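A.B. asks: Quick one: the structure is below, and I'll ask about it shortly.
The values are calculated or read from the model by the stated rules, or taken from the named source; none is laboratory data. Keep in mind it's a predicted model, so treat the numbers as computed, not measured. All Cβ positions, even for glycine, are placed from backbone atoms using ideal geometry, and neighbour counts span all protein chains on display. All accessible areas refer to the heavy atoms of the entire protein, side chains included, with ligands and DNA or RNA removed. Shrake-Rupley method; radii C 1.70, N 1.55, O 1.52, S 1.80 Å.
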Amino acid sequence: MADSVSSEEVAVISNTDITSTESENNIINTMVERGTALLRKLEINVAEAEKRTGKNTVNMQETYTVYLIEIRPAETEGGTPAAPDTLWRRYSEFELLRTYLLVTYPYIIIPPLPEKRAEFVWHKLSADNLDPDFVERRRVGLENFLLRVASHPVLSNDKIFFLFLTEEKGWRDAVLETGFQDKADSRLKSLSAMFRVKNPDKRFTALKQYSDELNNVISQLLRIRARVADRLYGVYKVHGNYGRVFSEWSAIEKEMGDGLQSAGHHMDTYAASIDDILEEEEHFADQLKEYLFYTDAVRSVCRKHELIQYELEMAAQDLAQKKQQKEELATGTVRIFSLKGMTSKLFGQESPEQKESRLAALEQSIQEGEETVKEKNTECQEFVRAAWDDIERFKEQKDKDLREALISYAIMQISMCKKGIQVWSNAKECFSKM
Amino acid sequence: MSGHTVPADFSEHMLDLDEDEDLEVFTKNTSLPDGSPMPNSPSSMVNQYRLEDDDEGQEVANTKDIFVTVDHPESQVTAIETFILYRVVTRTTRSDFDSSEYEVRRRYQDFVWLRSKLEEKHPTLIVHPLPEKFVMKGMVERFNDDFIETRRRALHRFLNKISEHPILSYSQHFQVFLTAQDLAPHRKQGPGFLSRMGETVRAVANSVRGLKSRPEEFAVMQEYVDDFSNKMCCMDKVTQRIVKEQREYVDELKQYSPTYARWGELEEELTEPLKGMASCVVQCSKEAEEHIQHLSEVLVPALHEYVLCAETLKAVMRRRDNIQAEFEAKNEALLTRKAEQEALQEEVDVLADRMEQANNSLKGDWLRWQRSMKTDLRSAFISAAEKNVEYYEKCLAVWESFLVSQRADSSGGQEDVA
């Protein structure tokens, strides 16, 4: 699994025959070497997956998968690695952790979880959640998630995250005790914010647009990939028929028999090779998917900004209104419709005492309003600053990771071509001997 | 001629489909006995050589004294019909030809006539098949360019196979076909429609009676022919399916590049590698399309030709069986009937002779055919395998150069491109 990296250098791929585990490790190594305090202390693995059955919340039997998290102290001096502390977590607990992080750090782009259900599948690949290949890929994705959080300058310090890694039993209660659910913005609130913000920060608008377009483009790529994989599978597998026919044909030929028979074997090899090739390519798809899901996290941050901005604008607007009201009350002109104003018109002027008390109330309200605006302003500025910090960090990470992913893809293609050359050269040999 | 073994280094040359080398070997080994210059139209030389990939052909080419090409298809429109005329060019040193060069125009029907005449005269020789009259599925227009070109190549191959055949190439009909400006008068001669009908009826009657027993070697041959026909059909089907799957693959693959390009425009740091990806996909698609083209032009026709050959073989076996059946029927009549003994004996002798001749012809031609089949198919398979290797090599180069360009950009990398 992910070995502790002692060198500070960026892991560089120096050969072209890289396996998928290797290339996965390269990205993990890249994360690990961004030394957060947490990672300097601990080594984190998601080592295994296991099926369990139990009763769910509605007291029905269900089958689910649990994942084993291993924590080891990251000692690098000489001694044998200590036995790891372990605990089991299921996917829904990871989801709970992530939701907690989303709410608690709305200005951070929270790393995504691997997909809940298999999507963008090409038809030979199972879409079944209990399929061992899917479970395995999910295990890798969950480990990836933990390492991303552990290597984040802000998130890695979170206590609940630490408990997630260390406290199997009491964790759920601890999370709920934080009361994070109350802090969650209602969906309605954030939706309405989107349409009514008057002065959104231009950078966030641009970022949201970029994120949406990136989402589009990656989705498109994943769809194409699934179709291409399907077709390529077909091409390779049909060659398997050659194997069969050559074999049968060789039985009736005297001179050509041996050549045909051995060529047939190579055709079988060729047909079988596509399984591994597409398995490796699945890994590339997973890397793209991570960033596809990241776009959702980016959008969340943008929306939170809009919400805060909206609240600031509302507070400012509210304050302006009140000031207006005060002015009118003081000068007697009515420009803004108010029920009080109407009733006074209809039922006669109010007494000077009533007017005094109303003015005082308004004054109070205005003062409170000004406090609110100041708070909101600060909140907004803080948010923008913190968010933008994280966005810059994210951009760097994204550029690096995706570049690595493209390089891995090229290496995969090269490996595939080499296999093809090998098989067909062998086949040609056999034909020549016919 | 059919007993020679081919020296090993010869086969290396023969099977190399690199154009220049082909031409080189051609001129080296096949100068005409009287020293006169070779057929010098490049297209005809290339056409001939590419399709003459059997060792028999190479042997014959050493002493080959007749060269035939089929080219220049031209559409002919008359009041009644539209058809294609092909130009048939012959160059020869044979003394039984009046001239050394001929140029005639022939249509598909003329080829059909020639072939039926050859089969008539030599019922148990293996006469190479013609391309089919029409292709059933996937045909939109009878005269689209691909169809015409495929047919032209097959017709060229047909005439070359005939010209290399030790017996058929000396056929009178073959000579007439190659030389007569107007074939029509010749087509009217010879056993007419009715007499051919009579033969067919007799043949059917005989086959109904059934053979007493097939000689061992022909029984083995029959079994082989049936199996071979089976296998060729399978090979044909599998290959056509592969072409189809590859076409679909390339269509999907092409979708990648506009998407990568679009993504590249979205990014800043990643623009360059993404555009690189788009370009790689474009190049690989091109290579794949070339590969498909090659398959369609080399392997598919070769296999299809041998599907047709298998049918020819079946027909030859049937005709041989009929000849034997006729003899046996007459022989039985001789043994059972007491009257007309002398006349019957004569007829039986004739039929016995005929049967012996037919069997010997077939036996002789069988070996020649088998060798020719092996050479043709081996060459087609090798060519297909080579093209596959080439395809993967080219794609490898594309991705390797992408990789090099990416690593050159990233910091601190030592490249070790294996």
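A.B. asks: Would you mind giving the three semi-axes, in whole Å and largest first, of the ellipsoid equivalent to the stretch A:159-237 according to its Cα gyration tensor?
C.D. replies: Value: 37, 29, 11 Å, ordered largest first.
A.B. asks: Under 29 Å from the Cα of residue A:169, which lysines turn up, not counting those fewer than eight places away in the same chain?
C.D. replies: A:41, A:51, A:55, A:116, A:159, A:183
A.B. asks: By the scheme Lys and Arg +1, Asp and Glu -1, what is the net charge of all other residues having a beta-carbon under 12 Å from that of residue B:288?
C.D. replies: After counting each charged neighbour, the total is -2.
A.B. asks: Normalized C-alpha radius of gyration of the stretch A:144-287, against 2.2 N^0.38 Å?
C.D. replies: Here the answer is 1.93, to two decimals.
A.B. asks: State, in square angstrom and to the nearest 100, the accessible area buried between chains A and B, both chains counted, probe radius 1.4 Å.
C.D. replies: 5800 Å²
A.B. asks: According to the square roots a ≥ b ≥ c of the eigenvalues of the Cα gyration tensor, what is the shape class of the stretch B:251-396, taking rounded for a/c under 1.5, prolate for a/b larger than b/c otherwise, and oblate for the remainder?
C.D. replies: Since a/c reaches 1.5 and a/b is larger than b/c, the shape of the stretch B:251-396 is classed as prolate.
A.B. asks: Which value, in Å to one decimal place, does the Kirkwood hydrodynamic radius take for the stretch B:356-402 when every pair of different Cα atoms is included?
C.D. replies: 13.6 Å
A.B. asks: Next up: Take every residue in peptide B:223-229, count the Cβ atoms of other chains within 10 Å of its Cβ, and give the average of those counts.
C.D. replies: Average neighbour count from other chains, rounded to a whole number: 2.
A.B. asks: A further question on this structure: By its C-alpha gyration tensor, with a ≥ b ≥ c as the square roots of the eigenvalues, how is the stretch B:323-410 shaped: rounded for a/c under 1.5, else prolate for a/b larger than b/c, else oblate?
C.D. replies: Prolate is the answer for the stretch B:323-410, as a/c is 1.5 or above and a/b outweighs b/c.
A.B. asks: While we're on this one: Please compute, for peptide B:241-251, the average count of beta-carbon atoms on other protein chains lying within 10 Å of each residue's beta-carbon.
C.D. replies: Average per residue, whole number: 5.
A.B. asks: Work through the residues other than residue A:373 whose Cβ is under 13 Å from its Cβ and net out their charges, Lys, Arg +1 and Asp, Glu -1.
C.D. replies: Here the count lands on -4.
A.B. asks: Note down the accessible area of residue A:331, probe 1.4 Å, to the nearest 10 Å².
C.D. replies: So the heavy atoms of residue A:331 present about 90 Å² to solvent.
A.B. asks: Can I ask one more? For the cross-link pairs B:133/B:231; A:208/A:374; A:208/A:395; A:237/B:244, which exceed 18 Å when the distance is taken from alpha carbon to alpha carbon?
C.D. replies: B:133/B:231; A:208/A:374
A.B. asks: If you bin the C-alpha pair distances of the stretch A:242-295 every 5 Å from 0, what whole percents do you get?
C.D. replies: Percent of pairs per bin, in order: 5, 19, 16, 11, 9, 8, 7, 7, 6, 5, 4, 2, 1.
A.B. asks: Please give the average number of partner chain Cβ atoms lying within 10 Å of the Cβ of each residue in A:393-399, rounded to a whole number.
C.D. replies: Averaged over the peptide's residues, the number is 2.
A.B. asks: With each pseudo-label sitting 7 Å past Cα toward Cβ, what's the residue A:162-residue A:184 distance in nm, one decimal?
C.D. replies: Using points 7 Å along Cα→Cβ, the separation is 2.6 nm.
A.B. asks: Given R₀ = 35 Å, FRET efficiency for residue B:80-residue B:251 by Cβ-Cβ distance, to 0.05?
C.D. replies: In this case the efficiency is close to 0.25.
A.B. asks: Using label points projected 7 Å from each Cα along Cα→Cβ, tell me how many nm separate residue A:279 and residue B:216, to one decimal.
C.D. replies: Taking the two extended label points, one gets 5.3 nm.
A.B. asks: Show me B:264-271, B:104-111 ranked by packing, highest mean number of other Cβ atoms within 10 Å first.
C.D. replies: So the peptides B:264-271, B:104-111, ranked by packing, come out B:104-111, B:264-271.
A.B. asks: Residue B:115 accessible area, nearest 10 Å², 1.4 Å probe?
C.D. replies: Rounded to the nearest 10, that gives 40 Å².
A.B. asks: Give me the net charge for the shell around residue A:55: Cβ to Cβ below 14 angstrom, other residues only, Lys and Arg +1, Asp and Glu -1.
C.D. replies: Residues near residue A:55 contribute +1 overall.
A.B. asks: Now for a separate question. Would you rank B:355, A:416 by solvent-accessible area, highest first, keeping every protein chain in place and using a 1.4 Å probe?
C.D. replies: B:355, A:416
A.B. asks: I need the calculated FRET efficiency for the pair residue B:105 and residue B:318, taking r as the beta carbon distance and R₀ as 35 Å, to the nearest 0.05.
C.D. replies: Efficiency for this residue pair is about 0.55.
A.B. asks: Sticking with this one: So how do A:147-159, A:377-389 stack up, highest first, on mean other-Cβ count within 10 Å?
C.D. replies: Packing proxy ranking, top to bottom: A:147-159, A:377-389.
A.B. asks: Shape of the stretch B:211-312 from its Cα gyration tensor (a ≥ b ≥ c, root eigenvalues): rounded if a/c is under 1.5, otherwise prolate when a/b > b/c, or oblate?
C.D. replies: Judged from the Cα gyration tensor, the stretch B:211-312 comes out prolate (a/c at least 1.5, a/b above b/c).
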